[in-house]
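Input: a single structure, listed below in structure tokens.
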Amino acid sequence: MKHYFEYQDSKSYKFWQVEIEANTLNVKYGKIGTAGQEKISSFDTPEKAQKEMEKLISEKTKKGYVEKADASAKKTARRIGVSYDEAEEGKTLLEKVTAFLETTQATEVESLVIAAWEEAYDNGPQASLDLIIANPGKLPQLKELFVGDMDSEECEISWITQADYTQLFAAFPALERLHIKGSKDLILSSLPLKHEHLKALTIECGGLPKAAIEKIATAHLPNLDYLQLYIGVDEYGFDGTLDDLRPFMQKGLFPKLKYLGLVDSEIANEIAIEIAQASVLEQLDTLDLSLGTLTDAGGRALLDSSKIAGLKKLDLHYHYLSNEMIKEFKKLSILVDVTDQQEAEDEDEDGEGWRYPAVTE
């Protein structure tokens, strides 16, 4: 018997398939559109193979994989970036983007990833972004855009210089997914933010500026179903308060929203306490408060909320919850991710100590 699953968020588009024949388990996995990798395991009895398959399926569904009858169609994707060695030789992202737009492949690309560019700690991708915006006709199939896909060796996330995206939304009215990494010099839009077809928005950073938060909170995005914001810390750009995040906790701000992530926050407890009774929970499938400094104070508010029971998944991974609190969350009828437990640094007998979100330098 074969089971096929897919997982998609702002960064990933993957499949996982498991098939059982007698006492043999065949697992295939990888990026959608590729053949993927294969792993075959043999067991002493068919019953043991069946038990292992059920265990693996449970693990995948807890991570957000969704079972489907058929595989999704292959996406045409392109990743463009400048390596360290290329930058040393004088090559630029603008040159690479210019060359790419002149290829026939550009007309077929649905997903475009802009990776590292030269001296990203000082320079943003504005010229390359402007070139893309000026040539929407050369990217007629573009549905997904990720700008800033680089690791810490290429540039620390809080140092990544970003750009002004104001004109992007009008230039690509069919855009469905936008992922921005880095918030230094970021201007999401200098105009009222409006887009009829955007379904997913992620801003991944060490600190999200209040101006960006307010722009999203007042945006017209009627088809948005996935929103993930890295709140971060004030040292790396977060200059807002809980009040600035409250609009996201109201039902109907984005009528189709099913996934809300207010993650990587040093005010995770305040967010948890506030959102535990918020009306937005009535429309969500997934609430993601992961990667922050959540402790038992915020955890208790969530556990005491009757609204949490309406979720399909609560993501709290990377947290500062106690063992007792973790056990309580595991008793809930919904899927709860309480993996990656952290310990406060220099904690005293009163439980005080230093707690840090996951994305900090």
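Numbers at a glance
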item	result
Test result for G207, over 25 Å from L94 (Cβ atoms), without any contact (Cβ under 8 Å) to a residue 60 or more places away in the chain and open to solvent by less than 20 Å² (accessible area, probe 1.4 Å)	yes
Only one of K62, K68, K39 that is open to solvent by 50 Å² or more (accessible area, probe 1.4 Å), in contact with a strand residue (DSSP E or B) (Cβ under 7 Å, 6 or more places away or on another chain) and within 30 Å of A106 (Cβ to Cβ)	K68
E102 vs. criteria surrounded by fewer than 16 Cβ atoms within 10 Å (Cβ to Cβ), on the phi < 0 side of the Ramachandran plot and touching a Phe, Trp or Tyr at 6+ places or on another chain (Cβ under 9 Å)	no
Top-ranked residue of region 156-183 - restricted to ones that are in contact (Cβ under 8 Å) with a residue 60 or more places away in the chain and touching a helix residue (DSSP H, G or I) at 6+ places or on another chain (Cβ under 7 Å), ranked as most open to solvent (accessible area, probe 1.4 Å)	S158
Checking F100 against (1) outside any loop (DSSP other than H, G, I, E, B); (2) modelled with pLDDT under 95, the condition it does not meet	(2)
Exclusive hit being surrounded by fewer than 16 Cβ atoms within 10 Å (Cβ to Cβ) and modelled with pLDDT under 95, set E110, E153	E153
Residue that is outside any loop (DSSP other than H, G, I, E, B) and either open to solvent by 50 Å² or more (accessible area, probe 1.4 Å) or in contact (Cβ under 8 Å) with a residue 24 or more places away in the chain (or both), where the choices are E328, E343	E328
Residue within region 119-126 that is within 13 Å of V82 (Cβ to Cβ), open to solvent by 60 Å² or more (accessible area, probe 1.4 Å) and in a loop (DSSP other than H, G, I, E, B) present	yes
Flag for K138 being touching a Leu at 6+ places or on another chain (Cβ under 6 Å) and open to solvent by 10 Å² or more (accessible area, probe 1.4 Å)	yes
Spans of strands (runs of 3 or more DSSP E) in region 200-290 with at least 3 residues within 19 Å of the chain's Cα centre (by Cα) and farther than 20 Å from G310 by Cβ	200-204, 226-232, 259-265
Hits in region 18-36 - residues which are at pLDDT 80 or above, part of a strand (DSSP E or B) and open to solvent by 30 Å² or more (accessible area, probe 1.4 Å)	E19, E21, T24, N26, K28, Y29
Candidates H197, H179, filtered to the one that is outside any loop (DSSP other than H, G, I, E, B) and closer than 28 Å to L139 by Cβ	H179
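Yes/no per residue for (1) of a type in the set (D, E, K, R); (2) at pLDDT 95 or above:
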site: F248; (1), (2): no, yes
site: K256; (1), (2): yes, yes
site: Y259; (1), (2): no, yes
site: L262; (1), (2): no, yes
site: L287; (1), (2): no, yes
site: L294; (1), (2): no, yes
site: S305; (1), (2): no, yes
site: A309; (1), (2): no, no
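The values are calculated or read from the model by the stated rules, or taken from the named source; none is laboratory data. Here the structure is a predicted model, which is why all the values come from computation and not from measurement. Cβ: placed from backbone, ideal geometry, glycine included. Neighbour counts: every protein chain shown. These accessible areas exclude ligands, DNA and RNA; they are computed on the full protein's heavy atoms, side chains included. Shrake-Rupley method; radii C 1.70, N 1.55, O 1.52, S 1.80 Å.
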